[in-house]
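The values are calculated or read from the model by the stated rules, or taken from the named source; none is laboratory data. Remember, predicted model here, so these are calculated numbers, not experimental data. Here the Cβ is made from the backbone with ideal geometry for all residues, glycine too, and neighbour counts use every protein chain on show. Just so you know, the surface numbers come from the protein's heavy atoms only, side chains and all, with ligands and any DNA or RNA stripped out. Shrake-Rupley method; radii C 1.70, N 1.55, O 1.52, S 1.80 Å.
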Amino acid sequence: MGSMNQFVGLCFIYLSCCITKGSSQNVEEGSAFIDGRNAIASIDDDFICATLDWWPPEKCDYGTCSWGKASLLNLDLSNNILLNAIKAFSPLKIRLGGTLQDKVIYDMGDPNQPCPQFIHNTSEMFSFTQGCLPMARWDELNSFFKKTGAVIIFGLNALNGRTMASDGSSVGPWDSTNAAAIIRYTVNKGYTIYAWELGNELSGNGVGTRVAAAQYVSDVKKLYSVVNEIYQGFKVIPKIIAPGGFFDANWFKELVNKTPNSLDIVTHHIYNLGPGVDTHLVEKILNPSYLDNEINTFRDLKNILDTSSTSATAWVGEAGGAYNSGHNLVTNAFVFSFWYLDQLGMASKYNTKTYCRQTLIGGNYGLLNTTTFVPNPDYYSALLWNQLMGRNVLFTNFTGTKKIRAYSHCGKQSKGIVLLLINLDGNTTVQVHITTETDALNRTSSSNQQHILPHSRFARIGQEPRKDVSTREEYHLTAKDGNLHSQIMLLNGKILAVNSSGDIPPLEPINVNLGEPIKVAPYSIVFAHIPTIEVSACR
(Lines give C-alpha, C1' and ligand atoms only; values in the text may rest on other atoms or scores of the structure.)
Protein backbone atom coordinates (compact mmCIF):
# COMPACT_ATOMS: atom_id res chain seq x y z
CA MET A 1 0.00 0.00 0.00
CA GLY A 2 1.11 3.55 -0.67
CA SER A 3 2.09 5.87 2.16
CA MET A 4 -0.34 8.45 3.49
CA ASN A 5 0.57 12.10 3.08
CA GLN A 6 -0.92 14.43 5.60
CA PHE A 7 -0.68 17.81 7.11
CA VAL A 8 -0.74 17.63 10.87
CA GLY A 9 -1.08 20.39 13.32
CA LEU A 10 -2.47 22.48 16.04
CA CYS A 11 -4.04 21.36 19.26
CA PHE A 12 -7.83 21.38 19.14
CA ILE A 13 -7.90 23.35 22.36
CA TYR A 14 -6.20 26.61 23.13
CA LEU A 15 -2.74 25.57 24.32
CA SER A 16 -1.99 28.18 26.93
CA CYS A 17 0.03 25.34 28.45
CA CYS A 18 2.37 25.46 25.49
CA ILE A 19 2.95 29.21 25.29
CA THR A 20 5.83 30.80 27.14
CA LYS A 21 4.38 33.27 29.59
CA GLY A 22 4.89 36.85 28.56
CA SER A 23 6.00 36.03 25.03
CA SER A 24 4.69 37.94 22.04
CA GLN A 25 2.15 36.39 19.72
CA ASN A 26 4.14 36.43 16.48
CA VAL A 27 3.07 33.53 14.28
CA GLU A 28 4.95 32.01 11.37
CA GLU A 29 4.25 29.12 9.04
CA GLY A 30 6.71 26.32 8.42
CA SER A 31 6.85 22.97 6.65
CA ALA A 32 8.52 19.71 7.68
CA PHE A 33 9.18 17.41 4.75
CA ILE A 34 9.75 13.76 5.66
CA ASP A 35 11.04 11.18 3.21
CA GLY A 36 9.96 7.83 4.61
CA ARG A 37 10.91 5.60 1.69
CA ASN A 38 14.13 4.42 3.38
CA ALA A 39 15.68 4.95 6.77
CA ILE A 40 18.77 7.16 6.64
CA ALA A 41 20.19 5.65 9.84
CA SER A 42 19.26 3.49 12.80
CA ILE A 43 19.76 3.61 16.56
CA ASP A 44 19.67 1.04 19.34
CA ASP A 45 16.33 0.38 21.01
CA ASP A 46 18.02 1.46 24.23
CA PHE A 47 19.59 4.53 22.63
CA ILE A 48 19.37 6.56 25.83
CA CYS A 49 22.33 6.10 28.14
CA ALA A 50 23.54 7.97 31.22
CA THR A 51 26.77 7.93 33.18
CA LEU A 52 27.77 7.43 36.79
CA ASP A 53 31.11 8.95 37.73
CA TRP A 54 33.85 8.57 40.34
CA TRP A 55 34.16 12.18 41.52
CA PRO A 56 34.22 12.51 45.33
CA PRO A 57 32.52 15.39 47.20
CA GLU A 58 35.80 17.34 47.15
CA LYS A 59 35.57 17.80 43.38
CA CYS A 60 35.00 21.53 42.90
CA ASP A 61 34.96 23.82 39.86
CA TYR A 62 35.06 27.61 39.87
CA GLY A 63 34.51 27.62 43.62
CA THR A 64 31.43 25.37 43.48
CA CYS A 65 31.37 21.78 44.74
CA SER A 66 28.46 20.16 42.90
CA TRP A 67 29.05 16.42 43.22
CA GLY A 68 27.98 15.66 46.77
CA LYS A 69 27.51 11.94 47.30
CA ALA A 70 26.92 11.02 43.65
CA SER A 71 30.06 8.93 43.20
CA LEU A 72 30.00 5.25 42.35
CA LEU A 73 31.67 4.84 45.73
CA ASN A 74 29.12 6.68 47.89
CA LEU A 75 25.84 7.00 45.96
CA ASP A 76 22.78 6.07 48.05
CA LEU A 77 21.58 2.94 46.25
CA SER A 78 18.54 2.64 48.52
CA ASN A 79 16.93 5.84 47.21
CA ASN A 80 13.54 4.97 45.72
CA ILE A 81 13.49 7.81 43.21
CA LEU A 82 16.83 6.65 41.83
CA LEU A 83 15.52 3.11 41.51
CA ASN A 84 12.31 4.19 39.79
CA ALA A 85 14.07 6.69 37.53
CA ILE A 86 16.26 3.95 36.07
CA LYS A 87 13.52 1.32 35.87
CA ALA A 88 11.30 3.69 33.87
CA PHE A 89 13.53 3.26 30.80
CA SER A 90 13.30 -0.53 30.67
CA PRO A 91 16.24 -0.57 30.17
CA LEU A 92 18.60 2.33 30.70
CA LYS A 93 22.20 1.91 29.60
CA ILE A 94 24.56 3.17 32.29
CA ARG A 95 28.22 3.85 31.61
CA LEU A 96 30.38 3.65 34.72
CA GLY A 97 33.37 5.90 34.24
CA GLY A 98 34.78 9.35 33.83
CA THR A 99 38.00 11.26 34.41
CA LEU A 100 39.10 9.38 37.53
CA GLN A 101 38.52 5.91 36.08
CA ASP A 102 42.15 5.88 34.91
CA LYS A 103 43.22 6.33 38.53
CA VAL A 104 41.00 3.57 39.97
CA ILE A 105 42.45 0.27 41.09
CA TYR A 106 40.26 -2.73 41.91
CA ASP A 107 40.70 -4.29 45.34
CA MET A 108 41.19 -8.01 44.82
CA GLY A 109 42.26 -8.78 48.38
CA ASP A 110 45.98 -8.55 47.79
CA PRO A 111 47.59 -7.63 51.15
CA ASN A 112 50.43 -5.95 49.28
CA GLN A 113 48.00 -3.72 47.40
CA PRO A 114 46.16 -1.26 49.69
CA CYS A 115 42.73 0.12 48.73
CA PRO A 116 43.02 3.90 49.15
CA GLN A 117 40.32 6.54 48.92
CA PHE A 118 40.61 9.44 46.51
CA ILE A 119 42.34 12.35 48.24
CA HIS A 120 42.32 15.87 46.87
CA ASN A 121 45.83 16.95 45.89
CA THR A 122 46.37 19.73 43.36
CA SER A 123 49.85 18.44 42.49
CA GLU A 124 48.34 15.21 41.16
CA MET A 125 46.89 14.71 37.68
CA PHE A 126 43.17 15.58 37.84
CA SER A 127 43.89 16.96 41.35
CA PHE A 128 43.28 13.62 43.06
CA THR A 129 45.43 10.75 44.22
CA GLN A 130 44.74 7.17 43.18
CA GLY A 131 41.48 5.66 44.41
CA CYS A 132 40.12 2.15 44.78
CA LEU A 133 36.94 0.15 44.18
CA PRO A 134 36.35 -2.39 46.96
CA MET A 135 34.69 -5.59 45.76
CA ALA A 136 32.06 -5.23 48.49
CA ARG A 137 30.96 -2.00 46.80
CA TRP A 138 31.09 -3.65 43.38
CA ASP A 139 28.75 -6.30 44.78
CA GLU A 140 26.36 -3.61 46.06
CA LEU A 141 26.36 -1.84 42.71
CA ASN A 142 25.63 -5.02 40.78
CA SER A 143 22.78 -5.93 43.12
CA PHE A 144 21.30 -2.49 42.49
CA PHE A 145 21.76 -2.73 38.73
CA LYS A 146 19.99 -6.08 38.70
CA LYS A 147 17.00 -4.54 40.50
CA THR A 148 16.77 -1.69 38.00
CA GLY A 149 17.32 -3.79 34.87
CA ALA A 150 20.08 -1.40 33.77
CA VAL A 151 22.51 -2.32 30.98
CA ILE A 152 26.03 -1.75 32.29
CA ILE A 153 29.16 -0.49 30.52
CA PHE A 154 32.26 -0.46 32.74
CA GLY A 155 35.15 1.90 32.01
CA LEU A 156 38.50 0.29 32.82
CA ASN A 157 41.68 2.01 33.99
CA ALA A 158 43.83 2.32 30.86
CA LEU A 159 46.86 3.97 32.50
CA ASN A 160 47.99 0.97 34.54
CA GLY A 161 51.59 0.10 33.72
CA ARG A 162 52.39 3.20 31.73
CA THR A 163 54.96 5.87 32.53
CA MET A 164 54.69 9.60 31.99
CA ALA A 165 56.99 11.02 29.31
CA SER A 166 58.52 14.49 29.42
CA ASP A 167 55.99 15.76 26.88
CA GLY A 168 53.07 14.77 29.12
CA SER A 169 52.08 11.68 27.18
CA SER A 170 51.72 8.23 28.74
CA VAL A 171 53.95 5.64 27.14
CA GLY A 172 54.44 1.91 27.30
CA PRO A 173 51.95 -0.98 27.09
CA TRP A 174 48.84 -1.22 29.21
CA ASP A 175 49.12 -3.58 32.18
CA SER A 176 45.87 -5.55 32.03
CA THR A 177 46.46 -7.58 35.22
CA ASN A 178 44.16 -5.62 37.55
CA ALA A 179 41.50 -5.19 34.85
CA ALA A 180 41.54 -8.93 34.15
CA ALA A 181 41.08 -9.56 37.86
CA ILE A 182 37.87 -7.53 38.14
CA ILE A 183 36.57 -9.00 34.89
CA ARG A 184 37.20 -12.51 36.21
CA TYR A 185 35.62 -11.62 39.57
CA THR A 186 32.57 -10.22 37.75
CA VAL A 187 32.17 -13.42 35.73
CA ASN A 188 32.58 -15.66 38.76
CA LYS A 189 29.88 -13.69 40.57
CA GLY A 190 27.50 -14.04 37.63
CA TYR A 191 27.19 -10.30 37.07
CA THR A 192 26.13 -9.20 33.59
CA ILE A 193 28.20 -6.53 31.85
CA TYR A 194 27.18 -5.36 28.39
CA ALA A 195 30.57 -3.92 27.51
CA TRP A 196 34.05 -3.20 28.84
CA GLU A 197 35.44 0.18 27.79
CA LEU A 198 39.16 0.96 27.80
CA GLY A 199 40.20 4.35 29.10
CA ASN A 200 38.78 7.84 29.36
CA GLU A 201 39.82 10.85 27.25
CA LEU A 202 43.30 9.61 26.32
CA SER A 203 42.78 9.97 22.55
CA GLY A 204 44.27 12.73 20.41
CA ASN A 205 45.69 15.47 22.64
CA GLY A 206 44.05 13.82 25.64
CA VAL A 207 42.91 15.38 28.89
CA GLY A 208 45.59 15.33 31.55
CA THR A 209 47.64 12.92 29.47
CA ARG A 210 47.42 11.06 26.18
CA VAL A 211 48.27 7.71 24.62
CA ALA A 212 49.44 7.31 21.02
CA ALA A 213 46.98 5.65 18.66
CA ALA A 214 49.42 2.88 17.74
CA GLN A 215 49.82 1.94 21.41
CA TYR A 216 46.05 2.10 21.96
CA VAL A 217 45.58 -0.35 19.07
CA SER A 218 47.79 -2.84 20.88
CA ASP A 219 45.96 -2.25 24.16
CA VAL A 220 42.52 -2.76 22.63
CA LYS A 221 43.68 -6.04 21.14
CA LYS A 222 44.95 -7.05 24.59
CA LEU A 223 41.57 -6.26 26.16
CA TYR A 224 39.86 -8.26 23.43
CA SER A 225 42.11 -11.21 24.20
CA VAL A 226 41.51 -10.95 27.97
CA VAL A 227 37.73 -10.72 27.63
CA ASN A 228 37.49 -13.60 25.18
CA GLU A 229 39.67 -15.80 27.36
CA ILE A 230 37.68 -15.12 30.54
CA TYR A 231 34.30 -15.44 28.80
CA GLN A 232 35.30 -18.57 26.89
CA GLY A 233 32.27 -20.83 26.45
CA PHE A 234 29.73 -18.05 27.10
CA LYS A 235 26.98 -17.59 24.51
CA VAL A 236 27.16 -13.81 24.87
CA ILE A 237 30.52 -12.06 25.23
CA PRO A 238 30.61 -8.40 26.30
CA LYS A 239 31.42 -5.76 23.72
CA ILE A 240 34.82 -4.07 23.55
CA ILE A 241 34.60 -0.28 23.57
CA ALA A 242 37.26 2.41 23.03
CA PRO A 243 38.60 5.03 23.26
CA GLY A 244 36.10 7.10 25.28
CA GLY A 245 37.78 10.34 24.26
CA PHE A 246 37.44 13.49 22.19
CA PHE A 247 37.30 12.99 18.46
CA ASP A 248 40.55 13.41 16.58
CA ALA A 249 40.12 12.25 12.98
CA ASN A 250 43.61 10.89 12.37
CA TRP A 251 43.88 9.25 15.78
CA PHE A 252 40.43 7.61 15.49
CA LYS A 253 41.09 6.50 11.92
CA GLU A 254 44.26 4.68 12.94
CA LEU A 255 42.51 3.00 15.86
CA VAL A 256 39.56 1.87 13.73
CA ASN A 257 41.60 0.69 10.75
CA LYS A 258 43.95 -1.39 12.87
CA THR A 259 41.35 -3.06 15.12
CA PRO A 260 38.80 -4.38 12.59
CA ASN A 261 38.13 -7.59 14.51
CA SER A 262 38.68 -6.58 18.12
CA LEU A 263 36.76 -3.31 18.57
CA ASP A 264 32.95 -3.35 18.66
CA ILE A 265 32.05 0.22 19.57
CA VAL A 266 33.88 3.52 19.04
CA THR A 267 33.02 6.12 21.66
CA HIS A 268 33.63 9.86 21.60
CA HIS A 269 32.81 12.63 24.07
CA ILE A 270 31.04 15.95 23.51
CA TYR A 271 31.45 19.17 25.52
CA ASN A 272 30.92 21.57 22.65
CA LEU A 273 29.59 24.47 24.74
CA GLY A 274 32.89 25.11 26.49
CA PRO A 275 33.53 25.42 30.23
CA GLY A 276 30.71 25.52 32.73
CA VAL A 277 31.81 28.96 33.85
CA ASP A 278 31.08 30.42 30.38
CA THR A 279 28.52 33.22 30.68
CA HIS A 280 27.30 32.68 27.10
CA LEU A 281 26.00 29.12 27.48
CA VAL A 282 22.34 30.01 26.92
CA GLU A 283 23.25 32.15 23.93
CA LYS A 284 25.09 29.19 22.40
CA ILE A 285 22.27 26.76 23.14
CA LEU A 286 19.74 28.99 21.36
CA ASN A 287 21.96 29.60 18.32
CA PRO A 288 21.21 27.15 15.47
CA SER A 289 24.52 27.87 13.74
CA TYR A 290 26.44 27.07 16.89
CA LEU A 291 24.53 23.82 17.38
CA ASP A 292 25.30 22.83 13.77
CA ASN A 293 29.04 23.00 14.44
CA GLU A 294 28.92 19.52 15.96
CA ILE A 295 27.65 17.98 12.71
CA ASN A 296 31.22 17.68 11.45
CA THR A 297 32.21 15.36 14.28
CA PHE A 298 29.29 13.00 13.68
CA ARG A 299 29.80 13.06 9.92
CA ASP A 300 33.57 12.51 10.07
CA LEU A 301 33.34 9.58 12.46
CA LYS A 302 30.61 8.00 10.34
CA ASN A 303 32.81 8.34 7.26
CA ILE A 304 35.74 6.68 9.04
CA LEU A 305 33.58 3.72 10.03
CA ASP A 306 31.88 3.47 6.62
CA THR A 307 35.19 3.40 4.74
CA SER A 308 36.87 0.92 7.07
CA SER A 309 36.65 -2.87 7.13
CA THR A 310 35.46 -2.67 10.74
CA SER A 311 31.99 -3.64 11.88
CA ALA A 312 32.29 -1.30 14.86
CA THR A 313 29.55 1.25 15.45
CA ALA A 314 29.62 4.77 16.90
CA TRP A 315 28.43 5.87 20.32
CA VAL A 316 28.56 9.13 22.18
CA GLY A 317 30.12 7.75 25.35
CA GLU A 318 29.85 10.92 27.44
CA ALA A 319 28.22 14.28 26.80
CA GLY A 320 27.59 16.98 29.37
CA GLY A 321 27.61 19.95 27.02
CA ALA A 322 29.67 22.21 29.29
CA TYR A 323 32.77 20.70 30.86
CA ASN A 324 33.95 21.00 34.46
CA SER A 325 30.62 19.89 35.93
CA GLY A 326 28.32 22.11 33.88
CA HIS A 327 26.56 25.24 35.11
CA ASN A 328 23.86 25.39 37.76
CA LEU A 329 20.46 26.52 36.44
CA VAL A 330 21.60 26.05 32.86
CA THR A 331 22.79 22.48 32.28
CA ASN A 332 20.31 21.19 34.86
CA ALA A 333 17.43 23.45 33.83
CA PHE A 334 14.76 23.53 31.13
CA VAL A 335 16.90 25.43 28.62
CA PHE A 336 19.30 22.52 28.38
CA SER A 337 16.65 20.28 26.84
CA PHE A 338 17.04 22.35 23.66
CA TRP A 339 20.70 21.33 23.47
CA TYR A 340 20.16 17.77 24.69
CA LEU A 341 17.28 16.79 22.41
CA ASP A 342 18.96 18.48 19.45
CA GLN A 343 22.04 16.40 20.19
CA LEU A 344 19.98 13.20 20.31
CA GLY A 345 18.34 14.03 16.99
CA MET A 346 21.61 15.05 15.32
CA ALA A 347 23.54 12.03 16.59
CA SER A 348 20.81 9.69 15.35
CA LYS A 349 21.03 11.06 11.80
CA TYR A 350 24.66 9.97 11.60
CA ASN A 351 24.07 6.39 12.73
CA THR A 352 25.12 6.90 16.33
CA LYS A 353 23.69 3.87 18.10
CA THR A 354 23.74 5.07 21.72
CA TYR A 355 24.09 8.45 23.44
CA CYS A 356 25.38 8.61 27.04
CA ARG A 357 24.48 11.70 29.01
CA GLN A 358 26.88 13.02 31.63
CA THR A 359 25.42 12.33 34.18
CA LEU A 360 22.56 10.31 35.57
CA ILE A 361 23.30 12.08 38.84
CA GLY A 362 26.18 14.31 39.89
CA GLY A 363 27.60 17.69 38.97
CA ASN A 364 25.40 20.42 37.55
CA TYR A 365 24.40 18.40 34.48
CA GLY A 366 22.69 15.39 36.04
CA LEU A 367 19.37 14.05 34.85
CA LEU A 368 18.56 13.81 38.56
CA ASN A 369 19.16 16.41 41.26
CA THR A 370 22.34 15.49 43.13
CA THR A 371 20.84 16.15 46.57
CA THR A 372 17.16 15.27 46.28
CA PHE A 373 17.31 12.77 43.39
CA VAL A 374 14.28 14.57 41.89
CA PRO A 375 14.34 14.50 38.07
CA ASN A 376 15.58 17.60 36.29
CA PRO A 377 13.85 18.62 33.01
CA ASP A 378 16.25 16.66 30.80
CA TYR A 379 15.26 13.45 32.55
CA TYR A 380 11.73 13.79 31.17
CA SER A 381 13.06 14.78 27.75
CA ALA A 382 15.15 11.61 27.72
CA LEU A 383 12.25 9.47 28.91
CA LEU A 384 9.93 10.84 26.24
CA TRP A 385 12.53 10.16 23.57
CA ASN A 386 12.95 6.64 24.92
CA GLN A 387 9.22 5.98 24.82
CA LEU A 388 8.49 7.49 21.41
CA MET A 389 11.47 7.52 19.05
CA GLY A 390 11.98 4.21 17.24
CA ARG A 391 15.10 2.67 15.71
CA ASN A 392 14.72 3.92 12.15
CA VAL A 393 15.68 7.53 11.44
CA LEU A 394 13.90 9.40 8.64
CA PHE A 395 15.16 12.19 6.41
CA THR A 396 13.59 15.41 7.69
CA ASN A 397 13.87 18.89 6.22
CA PHE A 398 12.27 21.93 7.80
CA THR A 399 11.49 24.97 5.65
CA GLY A 400 10.84 28.24 7.41
CA THR A 401 12.50 29.90 10.37
CA LYS A 402 15.99 28.68 11.21
CA LYS A 403 14.96 28.62 14.86
CA ILE A 404 13.06 25.35 14.45
CA ARG A 405 15.00 22.10 14.77
CA ALA A 406 13.17 19.09 13.31
CA TYR A 407 13.85 15.34 13.53
CA SER A 408 11.67 12.33 12.81
CA HIS A 409 11.83 8.59 13.46
CA CYS A 410 9.53 5.66 13.02
CA GLY A 411 7.34 5.22 16.06
CA LYS A 412 8.71 2.98 18.81
CA GLN A 413 6.56 -0.13 19.06
CA SER A 414 3.74 1.83 17.45
CA LYS A 415 2.48 2.61 13.97
CA GLY A 416 3.40 5.72 12.08
CA ILE A 417 6.09 8.30 12.72
CA VAL A 418 7.18 10.61 15.52
CA LEU A 419 8.25 14.17 14.75
CA LEU A 420 10.37 16.15 17.22
CA LEU A 421 10.18 19.95 16.90
CA ILE A 422 12.35 22.31 18.96
CA ASN A 423 11.57 26.05 18.92
CA LEU A 424 14.62 28.14 19.86
CA ASP A 425 12.69 31.39 19.33
CA GLY A 426 11.24 33.06 22.40
CA ASN A 427 8.91 35.39 20.49
CA THR A 428 7.34 33.32 17.73
CA THR A 429 4.85 30.50 17.53
CA VAL A 430 5.47 28.32 14.49
CA GLN A 431 2.65 26.44 12.82
CA VAL A 432 4.21 23.40 11.22
CA HIS A 433 2.71 21.50 8.30
CA ILE A 434 3.98 18.07 7.29
CA THR A 435 4.46 16.61 3.85
CA THR A 436 5.84 13.20 3.01
CA GLU A 437 7.36 11.41 0.03
CA THR A 438 5.35 8.33 -0.93
CA ASP A 439 6.18 5.06 -2.60
CA ALA A 440 3.12 5.40 -4.79
CA LEU A 441 4.27 8.71 -6.26
CA ASN A 442 7.73 7.36 -6.99
CA ARG A 443 6.28 4.46 -8.94
CA THR A 444 4.15 6.73 -11.10
CA SER A 445 6.33 9.79 -11.49
CA SER A 446 9.93 10.32 -12.47
CA SER A 447 10.14 13.53 -10.47
CA ASN A 448 10.30 13.79 -6.69
CA GLN A 449 6.91 15.35 -6.09
CA GLN A 450 5.38 16.10 -2.73
CA HIS A 451 1.79 15.14 -2.18
CA ILE A 452 0.18 17.99 -0.27
CA LEU A 453 -3.24 17.75 1.30
CA PRO A 454 -5.40 20.77 2.08
CA HIS A 455 -5.68 21.70 5.73
CA SER A 456 -8.58 23.13 7.63
CA ARG A 457 -8.78 26.32 9.63
CA PHE A 458 -7.74 26.39 13.27
CA ALA A 459 -10.21 24.88 15.68
CA ARG A 460 -11.95 27.26 18.04
CA ILE A 461 -10.92 27.52 21.67
CA GLY A 462 -12.15 24.53 23.60
CA GLN A 463 -13.45 22.77 20.50
CA GLU A 464 -13.35 18.97 20.79
CA PRO A 465 -12.11 16.94 17.81
CA ARG A 466 -14.81 15.36 15.72
CA LYS A 467 -15.24 11.71 16.53
CA ASP A 468 -14.98 10.73 12.87
CA VAL A 469 -11.72 12.60 12.32
CA SER A 470 -8.39 10.90 13.00
CA THR A 471 -6.14 12.37 15.63
CA ARG A 472 -2.49 12.37 16.59
CA GLU A 473 -0.78 12.51 19.95
CA GLU A 474 1.20 15.57 21.00
CA TYR A 475 3.55 16.17 23.92
CA HIS A 476 4.32 19.86 24.51
CA LEU A 477 7.23 20.62 26.85
CA THR A 478 7.59 24.08 28.39
CA ALA A 479 9.31 25.70 31.36
CA LYS A 480 7.36 26.62 34.48
CA ASP A 481 6.40 30.30 34.32
CA GLY A 482 8.25 30.56 31.00
CA ASN A 483 11.56 30.68 32.87
CA LEU A 484 14.26 28.96 30.83
CA HIS A 485 16.31 28.50 34.00
CA SER A 486 13.50 26.67 35.77
CA GLN A 487 14.16 23.15 36.96
CA ILE A 488 10.46 22.35 36.65
CA MET A 489 9.12 21.13 33.32
CA LEU A 490 5.52 21.19 32.16
CA LEU A 491 4.01 18.55 29.90
CA ASN A 492 0.92 19.89 28.15
CA GLY A 493 0.61 22.49 30.89
CA LYS A 494 0.95 20.12 33.84
CA ILE A 495 3.93 20.03 36.18
CA LEU A 496 5.98 16.85 35.98
CA ALA A 497 6.93 15.69 39.47
CA VAL A 498 7.43 12.48 41.40
CA ASN A 499 4.88 11.64 44.07
CA SER A 500 5.52 11.00 47.76
CA SER A 501 6.44 7.41 46.96
CA GLY A 502 9.07 8.49 44.46
CA ASP A 503 7.12 7.25 41.45
CA ILE A 504 7.91 8.74 38.05
CA PRO A 505 4.78 10.44 36.64
CA PRO A 506 3.17 9.05 33.47
CA LEU A 507 3.91 11.06 30.34
CA GLU A 508 0.50 11.49 28.78
CA PRO A 509 -0.25 13.16 25.44
CA ILE A 510 -3.12 15.28 24.21
CA ASN A 511 -5.10 14.19 21.14
CA VAL A 512 -5.20 16.64 18.25
CA ASN A 513 -7.09 16.81 14.97
CA LEU A 514 -4.92 15.61 12.11
CA GLY A 515 -6.14 18.38 9.84
CA GLU A 516 -4.42 21.12 11.81
CA PRO A 517 -0.77 22.23 11.74
CA ILE A 518 1.37 21.54 14.79
CA LYS A 519 1.56 24.63 16.95
CA VAL A 520 5.05 25.01 18.43
CA ALA A 521 4.95 27.80 21.00
CA PRO A 522 7.91 30.06 21.77
CA TYR A 523 10.71 28.30 23.67
CA SER A 524 8.93 24.97 23.57
CA ILE A 525 9.52 21.41 22.45
CA VAL A 526 6.92 19.16 20.80
CA PHE A 527 6.88 15.44 20.15
CA ALA A 528 4.08 14.54 17.73
CA HIS A 529 3.17 10.90 17.17
CA ILE A 530 1.23 10.49 13.93
CA PRO A 531 0.06 6.87 13.59
CA THR A 532 -1.68 7.40 10.24
CA ILE A 533 1.48 8.34 8.34
CA GLU A 534 2.65 4.95 7.17
CA VAL A 535 5.93 4.87 5.27
CA SER A 536 7.95 1.97 3.92
CA ALA A 537 10.89 2.69 6.23
CA CYS A 538 8.65 1.92 9.19
CA ARG A 539 7.20 -1.38 8.02
Rounded to the nearest 0.05, what FRET efficiency do SER536 and LYS480 give with R0 = 25 Å and r taken as the Cβ-Cβ distance? Could you check?
0.05
Find the accessible area per residue for region 46-391; the probe is 1.4 Å, ligands and nucleic acids are left out, and the unit is Å².
36
Relative to the longest principal Cα axis of the chain, at what angle does helix 213-230 sit, 0 to 90 degrees, rounded to 10?
80
Cut-off under 5 Å, modelled amide H: who pairs with ALA314 long-range:
VAL266, LYS353
Could you tell me which of the pairs LYS302/LYS415; LYS93/LYS235; LYS87/LYS189; LYS59/LYS93; LYS284/LYS480 are separated by over 27 angstrom between their Cα atoms in the structure shown?
LYS302/LYS415
Note, ³J(HN,Hα) from phi for region 416-433, Karplus 6.51, -1.76, 1.60, rounded to Hz, x at Gly and Pro
x, 10, 10, 10, 9, 10, 10, 9, 8, 9, x, 10, 10, 8, 10, 9, 9, 9
Pop a pseudo-label 7 angstrom from the Cα along the beta-carbon direction at both ARG184 and ILE488 and give the gap in nm to one decimal.
5.5
Contour excess over end-to-end distance, with Cα ends at ALA165 and ILE119 and 0.36 nm allotted per residue
14.2 nm
DSSP loop (so not H, G, I, E, B), at most 12 other Cβ within 10 Å: list which trypsin sites (Lys or Arg not before Pro) in region 190-235 pass both filters.
LYS235
By how many nm would the segment from LYS147 to ASP278 lengthen if fully extended, with 0.36 nm per residue of separation less the alpha-carbon distance?
43.3 nm
Please list, or write none, the lysines whose alpha carbon is within less than 16 Å of the alpha carbon of LYS222, excluding same-chain residues fewer than 8 places away.
LYS239, LYS258
Taking R0 as 51 Å, what's the FRET efficiency between THR399 and GLU58 from their Cβ-Cβ distance, rounded to 0.05?
0.50
Quick one: which residues, 5+ away or cross-chain, put their amide H under 5 Å from the amide H of GLY362? H built at 1.01 Å from N.
LEU368, THR370
Whole-Hz Karplus ³J(HN,Hα) for region 196-203, in order, using 6.51 cos²θ - 1.76 cosθ + 1.60 and θ = phi - 60°, x for Gly and Pro?
10, 10, 9, x, 9, 6, 10, 7
Carbon plus sulfur, as percent of the 1.4 Å-probe accessible area of the chain, comes to 48
With θ set to phi - 60°, apply the Karplus curve 6.51 cos²θ - 1.76 cosθ + 1.60 along region 67-72 and write out the HN-Hα couplings as whole Hz, x wherever there is a Gly or Pro.
9, x, 9, 10, 6, 4
At each listed q (0.12, 0.14 Å⁻¹), what is the log10 of I(q)/I(0) that the Debye formula gives for region 46-391 modelled as equal alpha-carbon point scatterers?
-0.83, -1.19
Subtracting the Cα-Cα distance of ASN427 and ILE40 from 0.36 nm times their residue separation yields 136.0 nm
Whole-number percent relative contact order across the chain, with pairs defined as alpha carbons under 8 Å at least 6 apart
26
